[in-house]
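What follows is a structure written as structure tokens; I'll ask about it next.
The values are calculated or read from the model by the stated rules, or taken from the named source; none is laboratory data. Note that this is a predicted model, so its numbers are computed, not measured. Using ideal geometry, Cβ is built from the backbone for each residue, glycine included, and neighbour counts are taken over all protein chains shown. What goes into the accessible areas is simple: the full protein's heavy atoms, side chains included, and nothing from ligands, DNA or RNA. Shrake-Rupley method; radii C 1.70, N 1.55, O 1.52, S 1.80 Å.
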Amino acid sequence: MTNQYSLSGPDSNEPTELARVEGTLGTPAVDVRGLNQKAGVFTYDPAFTATCSCESDITFIDGANGQLLYRGYPIDQLAEKASHLEVSYLLINGELPSQDQMDTFRESITHHTMLNTSLMKFFDSFHYDAHPMAMMTGIVGSLAAFYHDTTNIHDPEHREIFAHRMIAKIPTIAAAAYKHSVGQPIMSPNNELGYTANLLRMMFAVPAETYEVDSIASKALEVLFMLHADHEQNASTSTVRMAGSTGANPYAALSTGIAALWGPAHGGANEAVLNMLNEIGDSSQVSKYVEKAKDKNDPFKLMGFGHRVYKNFDPRALVIREYCHQVLDHYNTHGHRLFDLARELEKVALEDDYFVERKLYPNVDFYSGIIYEALGIPANMFTPMFAIARTVGWCAHWMEMMNDPGTRIARPRQIYTGYTKRDYVDIGHR
Ligand code: SDX
């Protein structure tokens, strides 16, 4: 097997030798660092469809075979046997925790769940109809105005405290955004409760009544959060890495990830899937919408379908689809209607050459909203749920990048297609 690639250009006499870069798993790469000095050319790859931006030990995706590993552990095993905090420890530290390590980690997360009272006042400044993702982007970015004593990005202990604070506080922030959007009092965390039970109570409890967390609901969130925790160099994680590469405040860097995740092509798709299913209405309309999705003159896409990396089933979608049965059998019948409609849509699409030829399969967002909706979580809170889970991955990748002494500021180049040099013309002569 070759360890070198040769690049011969239209006007270069000698080919340029480029080294092969290979990891422990996955597709190798051509090392193009210094290509412009060696061969006088750049590489050109809009949307980075074939570009590796870094080396990472955290997550591996085999898109052709629908496999997802967190630090080597298959996601379906973790979803079945672990907890979200256990997976958080794994992603941040690289190994599954011992019982003592787990107890210490849980203790740290539990005692960072509260928000500074002056930060809580920021929620009052949002209009009642602000989207919770808009509030989360602003509040997480505002965390950069706090914690000056422990935000030295070059101090490993400060980096760890940052990650623990973010993992602990992001549910409190999401729940507070939800409470603000429904005009109810913001609930403080209750440190007697587990991670997802605390979130459910902060979202659905009111001071006037006692609230009993449903164990089926908190377990469902545990599974969904584990499945959404990381996904290598996706758009929002790459955004956090790029912002962090400048040496920016890590809370500010994380807020860029929330902003990027909000897009309907990314984490915003779960909300868009539920809106799409409600628009389709019933199975008699499925074929019409599948045809719309195939029509190049129609901007409509089947939300929750397709993926830049998976050209097979997204393994997370398979776990979630199976989990729907457990949750829907415990909750409402409305979810059954949506689930049956989603299954019919999946069936019709996967029998259609357009989707088969393009290898468009259901992704993580296709079924997740059906579970969230069954738990009573409104559609505009689906992406905040994704953000809670992905905060772990964003922190893990930021820490991995900041731990690497070779990290440099990310600064892509371009192909310039504008005017060549021209002289200024006085306004009277234009
Ligand atoms: C997430 O990167 C990650 O890892 C993301 C994520 C994570 O965990 O971080 O997995 C989470 O973001 C999942 C994706 C959620 N987004 C959606 O479900 C939105 C709907 N999907 C599409 O917008 C699209 O499939 C993307 C954005 C997911 C992927 O886009 P690509 O890789 O740029 O693919 P493409 O748009 O070039 O599509 C290739 C072809 C095109 O047709 P042709 O030009 O070849 O004729 O497939 C078509 C597209 O028009 N196509 C679709 C489609 N998705 C792709 N046609 C109809 N419906 C769709 N959903």
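Quick one: is residue 191 modelled with pLDDT under 95 and either open to solvent by less than 10 Å² (accessible area, probe 1.4 Å) or away from the ligand (no atom under 16 Å from the Cβ) (or both)?
yes
Select from region 196-217 the residues that are of a type outside the set (A, V, I, L, M, F, W, C) and either within 15 Å of residue 113 (Cβ to Cβ) or touching a strand residue (DSSP E or B) at 6+ places or on another chain (Cβ under 8 Å) (or both) and list them in ascending order.
Initially, region 196-217 is screened for residues of a type outside the set (A, V, I, L, M, F, W, C), giving 196, 198, 201, 207, 209-212, 214-215.
196, 198, 201 - these are the residues of region 196-217 that are of a type outside the set (A, V, I, L, M, F, W, C) and either within 15 Å of residue 113 (Cβ to Cβ) or touching a strand residue (DSSP E or B) at 6+ places or on another chain (Cβ under 8 Å) (or both).
Residues checked against (1) under 24 Å from residue 416 (Cβ atoms); (2) in contact with a strand residue (DSSP E or B) (Cβ under 9 Å, 6 or more places away or on another chain); (3) not aliphatic (A, V, I, L, M):
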| position | (1), (2), (3) |
| --- | --- |
| 8 | no, yes, yes |
| 23 | no, yes, yes |
| 32 | yes, yes, no |
| 36 | yes, no, yes |
| 53 | yes, no, yes |
| 66 | no, no, yes |
| 71 | no, yes, yes |
| 74 | no, yes, yes |
| 77 | no, no, yes |
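Could you list, in sequence order, the residues of region 41-59 that are open to solvent by less than 60 Å² (accessible area, probe 1.4 Å) and in a loop (DSSP other than H, G, I, E, B)? It would help to see each step written out before you state the result.
Kept after step one, since they are open to solvent by less than 60 Å² (accessible area, probe 1.4 Å), are these residues of region 41-59: 45, 54, 56, 58-59.
Across region 41-59, the qualifying residues are 45, 54, 56, 58.
I would also like to ask the following. Select from region 74-97 the residues that are open to solvent by less than 20 Å² (accessible area, probe 1.4 Å) and free of Cβ contacts under 8 Å to residues at least 24 places away in the same chain and list them in ascending order.
Hit for region 74-97 is 90, nothing else.
What's the number of the only condition in (1) open to solvent by less than 50 Å² (accessible area, probe 1.4 Å); (2) assigned to a loop (DSSP other than H, G, I, E, B); (3) within 23 Å of residue 249 (Cα to Cα); (4) not hydrophobic (A, V, I, L, M, F, W, C) that residue 165 fails to meet?
Answer for residue 165: the failing condition is (2).
With the condition kept exactly as written, say whether any residue in region 209-219 is touching a residue at least 40 places away in the same chain (Cβ under 8 Å) and either open to solvent by less than 40 Å² (accessible area, probe 1.4 Å) or within 16 Å of the ligand (Cβ to nearest atom) (or both).
yes
Working only within region 226-282, note down all residues that are within 10 Å of the ligand (Cβ to nearest atom) and among the hydroxyl-bearing types (Ser, Thr, Tyr).
Residues satisfying the conditions are 236, 237, 238.
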